[in-house]
Each structure stands twice: as C-alpha cells, then as structure tokens.
1. List the trypsin sites (Lys or Arg not before Pro) within segment 217-275 that DSSP assigns to loop and that have no more than 11 neighbouring Cβ atoms inside 10 Å.
2. Please list, in order, the residues from segment 329-353 whose amide nitrogen is less than 18 Å from a point placed 7 Å along the Cα→Cβ vector of SER229.
3. What full-extension length gain, to one decimal in nm, is calculated for HIS316 and SER353 as 0.36 nm per residue of separation minus the Cα-Cα distance?
4. When a/c reaches 1.5 or more, the comparison of a/b and b/c decides; with that in mind, is segment 8-282 rounded, prolate or oblate per its Cα gyration tensor?
5. Between ASN72 and ASN33, what is 0.36 nm times their sequence separation minus the Cα-Cα distance? Round to one decimal in nm.
6. Quote the FRET efficiency, to the nearest 0.05, computed for GLU286 versus LYS139 with a Förster distance R0 of 41 Å and r equal to the Cβ-Cβ distance.
7. Need the C-alpha centroid separation for segment 55-112 versus segment 162-232, integer Å.
8. What's the extension gain from ASN92 to ALA13 if we count 0.36 nm per residue and subtract their Cα-Cα distance?
Amino acid sequence: MNLPHFPVLFKIAVSGGNPTSTGSTPLSIVDSNNSNDIETGEAADQAIIWAKSIGTGQDLAGLGRALAIDKNGFLWVGMFYSGRYWKVNPNNGLTIGTPIDTQTPFYHQPYGCQVDVNGHLWSVDEANTLAEIDTSTGKLVGIYQHPDSNYSIAVFNDCTSSPPKVKVYLSNRSGHTYIVYDPDAPPTARFSNSPGSIHQFPSYAVAVDKAGNIISGSFTGEVMKTTPSGTIIWSNSSVVMLDLHGLIIDENDDVWAIDRYGGRVVRYDGGSGQTGPSDIVKVGLEPYTYGNTPPPACNTPSTPPACAKVTDKDIHCEPNGGYSYTFSVTNNSGKDASQILLTPTQGSSFTLSQQLFNLSPVLHNGQSTTLTVKIKNVKPGTKVCFFLSFTGKDHPCCIVKVCPTLPTCGATQSPSPQKTDGRKR
C-alpha cells in the first residue's frame, strides 16, 4: 500500500562510493521500516550520501519542486503544494529552523528558484508571481505580481557596482518572450516585458550569459540571444522541437536547449548561435529544467589578456547634443571576426547610435578597423562603459570593456590609448 509520504531529497557523490547500478538497471530501494519514505540506509547504491524526507504536516504527499544553493552552501527546497521553503543542511540533509511561508499576500507555489550574490532567493511559480526571500534572515521579503504568466527563471549578478546590482528574468508564457524584474527600479516600474524589437513568442525557457545577454526559447525550437536593450545577436530555428522546456548556459557561454518530448538536448555556439548534428544529444525520457542553478557568483567578466585591443582616436561634442566617439579595434583573438557588437553595461542610461557592425571583409587576427558611434543621453565629463564583442563562425566568445571619458562640450579630445578589460573564452 503506497501511503502518502514527504518529498525526499538526495545527495549523490560525483565520485566515490560503490554504485550498484549499471546502464538502465534500477537501484534496489526497500522500505525496511515501513515508514513510506526513503532513508539513507535503504538505498543500495553507496554513491548516495544521504536521502532525507523534507517537511512536516502540510508537506505530506507534497511535491519538492524548487531547489537552490545559497552563497554559504545551504540548500533551499521549495514545496509546490504547501507553498513554503525549507532551509536544509548540505552535510546531513536535515532541515534548519521553521519553513518560510509563500502564501501571503498572493498564493505563490514554488516552481523554480535561484539565489543572487546578495543572498536573496528569487522564486518563480507557474502563475504570475515572483517571491523574494532573504536567506541571511530567513524572512520573506515580498511576493510580487504582474499581469502575464511566467515559468522559468534566470538571475544576472552585475558586480561592477557595490553592492552588486541584480536583474531577474522570467520566461513569459503569455507571448512576450520574457519578463524583467529590476529590484532597484521604482516599485511601480520594476516589472517590464522584453523589448518590442525582438521576436515575441510564448516561452518556457530563459537564461542569461556572463555578459548579461538574454537567451530565450520558443516552444517549437527557436533559440534567440539578445542584448538587454533589444539588439538581436543571433537567432536559430534550424532544430524543430516538440517542447523546448528549459535553457542551460555552460562554462563556455554555449547554450543548451532542452527538447522535452524529443528526449534530447541541443547545443548552440554562444557567439554565433550555430548548431549541427554533433550538437544534438539524446538524454532519455522527457528532460526539462526551469532555472535551478549552482551557487551564486558574479557575472562580471574577468581580466586575462585582452582578445581585442581598443584605442581611442577622437571624442567630440555634436552640434545637436551628444558625442561622436571614434576608436580603433585590433583583433587579437586568434580567429576571424565577421561582426562587432557594442552593449552598454547593465544599468546604463546612455544610448549608442549603432550597436552591431558587420565586417566585410572579415577582420583577421592581428588586423584593425576603425569605428565611430554616437553617444547620447549622457552628461559632459562623465565616463561611460560598454562591452565590445566579436562574433563569427567558429569564433570564441571575446568581450572587452570600453570606458571612454567624455570631454566638456566645445572641446575635442584625442586621448592616449586606454586599457581594455577583456577576455577570451
């Protein structure tokens, strides 16, 4: 007789232990004490470090749906039916303290979650609310409601400021691709939909790369990478899917799309969006994800030797306001570049007249080109920062940070070569 039981959380060793299962052979699990739960000693596979039931009372016959790791390594388990979160000790699987209720002022059923670098847990449901929990105090900060329907979640941690600024992205099932939540915006303006300049579609999948670009996936297989301001970096619909149900960004910033009913994952090159037959991997029955991630980390690019060198040539005021900025770019990435993309850093208010430059012929390694952009909506004498990235076939992800200081109006500036904060991935 299968009586109701509490959700069970497993910790499994990546290496070590003595697995007793090979291939598709199921593990032996025997309910030796008739508790209707799985305890550590009842799992025959010794690679299972612990197996603990989570919850009390109303969590009986519940569903542990959301799981995240905070910056101190503690686990946070969201209960879908009972609408609450438990803090769990990662060493033994035991719960810590009392659960955090997420049912007031709106009924929030945890579906996926992520903890940011400031220690705040963001929880998405399958309806239209976003919950915020302070993991340092164990208190619910708030539950926020918007008019559309969400599903999966991604968080961008911008550590160029102190404290780091955070943006929360939710996939939008109502047809607007994704939803943005900005905790630093005025309360009435914290939610916004994706820019109207990008393709709008219902989505179960959203992710953010290390530079803050957003990757979205349509139900039928379109995968699209865009800047926060709405410039399309690439879009690929070549792989038709039966249910694109989640996106994962790997350490190389490549994108993995999960085809639920196709039983497979598909890799897209993070720089170009290209994919091929060797990038399609069969993985089993109905895989999907909705945004559970490793411990929080800064997304700010690191500073190894730059894969591109930027040298200022001229900055001057325009008659009708704004600035004209001319600079040269040298390709040191080791690969040909066919495009250059300029992306203002997160939270910037200035605008660039052109962000995407098509290079014809391509820019070979060691070659330089000169670009001119108009910078508007900025005060004289300030420093503005944007990311410059190369794209191209088989091109590694190359990003440099460019930060010119603007002169006072009426002056012309020909500065010495600036240092660029760049990396090659």
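Just so you know, all these numbers are worked out from the coordinates, no wet-lab data involved. Just so it is clear, the model here is predicted, and its values are computed rather than measured. Virtual Cβ from ideal backbone geometry, glycine too; neighbours counted across all protein chains shown.
1. The qualifying sites: there are none.
2. Output list for this probe position: 339-353.
3. Stretched out fully, the HIS316 to SER353 stretch lengthens by 11.8 nm.
4. It comes out oblate by the Cα gyration axes.
5. 10.6 nm
6. Working: r = 36 Å, r/R0 = 0.88.
After rounding to 0.05, the efficiency reads 0.70.
7. 26
8. Numbers: separation 79, 0.36 × 79 = 28.44 nm, distance 1.31 nm.
Answer, rounded to one decimal: 27.1 nm.
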